[in-house]
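Colleague: This structure is in structure tokens; I'll ask about it shortly.
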Amino acid sequence: MPPLHGPQRGFIRKTEQFVSLKGSQNMRQDQKAFVVTGASTGIGRAIADRLVAQGHFVFASVRKQADADTLNAAFGANGRAVLFDVADEAAILAAAEEVGKALQGRTLAGLVNNAGIALPGPALIQPMAEIAQVMDVNFMGVVRCCRAFAPLLGADPARSGPKGRILNITSVSGKFGYPFTAAYVAAKHAVEGFSDSLRRELLLVGIDVIVVGPGAVKTPIWEKGAAVGANRYGDTIWGKPLEKLTQSLAAMDQEGLEVGVIADVVEEALTTSSPKTRYAPVPNKLVNWWLARLLPPRVIDRFVGKSLALLPEA
């Protein structure tokens, strides 16, 4: 089968947007190498740390030089930060070219698409630019990275070694729509569908595609966004429900899983000989996963509506 380089050749390199790998320590021949996007904090950082601790080599993407310096110091000879934004296709392609050179003809063992943003708001009045931004980063960013790194994972037959895996971090929101998170939910649903289709397409070249969809995790991503939304939309009919959502998300932040739990699941999915197609690490799984999937949607509507003051007053 011909390589999948095609339109990736001839792009304009943005050298200021990635960290050159030429001066980095060489990987050992027995080391597996992984790319992890959005690795400055939270789940992405935990995944990168776990893979490095297990002796693997990690190319960790961040957007700020200060974060790159921090990761480079932490990883030592077992990793390297790469500066790119998943919304910037040229920067992603430049980084993929540099990673490809560092691999010295071998395959990349895995691509973890973790980078994402959360900008909550009422779907009918949230600025269209925000909705577009969430879709661009959380969905199109995944598409861009899959296309750029697929040749390194083994779609390019000139590379030697086992075929790599693509692991896309989605969310319980990839299966369940919560109020005021419509753009985020839409993006995560899109990643879920894209992952299923891509996995079947890549049967031809032997690259697996896996989804990890966590429930609540102890990170402040949603609490911060909801607080901003509650202030911005406070004088609308959505003000009170958004205030309740802020309180709910703050509680979920306290009760959520530690990021290390997600890192454990990701490591298993990347390294086990027989991975599942989807993993769902969710706290209180009976209530937060199984009941939400088994109960009739109208029942869930009433429960959510009551808890967030969304039901019309009698």
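Colleague: Identify all residues within the range 83-133 that are polar (S, T, N, Q) and more than 27 Å from HIS56 (Cβ to Cβ); write none if there are none.
Modeller: Hits for the range 83-133 are GLN126, GLN133.
Colleague: Another question about this same structure. Taking ALA118 and the conditions (1) under 20 Å from ILE47 (Cβ atoms); (2) under 16 Å from the mean Cα position of the chain (by Cα); (3) at pLDDT 95 or above, which numbered condition does it fall short on, given that it satisfies the others?
Modeller: (3)
Colleague: Here is a further query. Can you run down the residue pairs with Cβ atoms below 9 Å, 6 or more apart or on separate chains, where the first is in the range 159-180 and modelled with pLDDT of 95 or more and the partner is open to solvent by 40 Å² or more (accessible area, probe 1.4 Å) and aromatic (Phe, Trp, Tyr)?
Modeller: Close Cβ pairs satisfying both conditions: ASN168/PHE194.
Colleague: Of everything in the range 45-62 that's free of Cβ contacts under 8 Å to residues at least 40 places away in the same chain and touching a strand residue (DSSP E or B) at 6+ places or on another chain (Cβ under 7 Å), which residue is farthest from GLY164 (Cα to Cα)?
Modeller: Ranking the candidates gives VAL62 first.
Colleague: So, in the range 57-73, of the ones that are open to solvent by less than 40 Å² (accessible area, probe 1.4 Å) and small (Gly, Ala, Ser), which residue ends up farthest from CYS145 (Cα to Cα)?
Modeller: Here the residue is ALA68.
Colleague: Next question. Consider the range 280-299. How many of its residues are among the aliphatic types (A, V, I, L, M), in contact (Cβ under 8 Å) with a residue 40 or more places away in the chain and assigned to a helix (DSSP H, G or I)?
Modeller: Residues in the range 280-299 being among the aliphatic types (A, V, I, L, M), in contact (Cβ under 8 Å) with a residue 40 or more places away in the chain and assigned to a helix (DSSP H, G or I): 1 in total.
Colleague: Could you please give the count of residues in the range 253-279 that are over 17 Å from THR219 (Cα atoms) and assigned to a loop (DSSP other than H, G, I, E, B)?
Modeller: So the answer is 6.
Colleague: Check whether at least one residue in the range 231-252 is within 25 Å of ILE166 (Cβ to Cβ) and either at pLDDT 90 or above or outside any loop (DSSP other than H, G, I, E, B) (or both), and report yes or no.
Modeller: no
Colleague: Looking at this structure, is PHE149 in contact with a helix residue (DSSP H, G or I) (Cβ under 9 Å, 6 or more places away or on another chain), of a type in the set (Phe, Trp, Tyr) and under 28 Å from ASP30 (Cβ atoms)?
Modeller: Criteria met by PHE149.
The values are calculated or read from the model by the stated rules, or taken from the named source; none is laboratory data. Keep in mind that what you see is a predicted model, and the values were worked out from it rather than measured. Cβ sites come from the backbone with ideal geometry, for glycine too, and all protein chains shown count toward neighbours. Side chains are part of the model used for accessible areas, which takes the heavy atoms of the whole protein and leaves out ligands, DNA and RNA. Shrake-Rupley method; radii C 1.70, N 1.55, O 1.52, S 1.80 Å.
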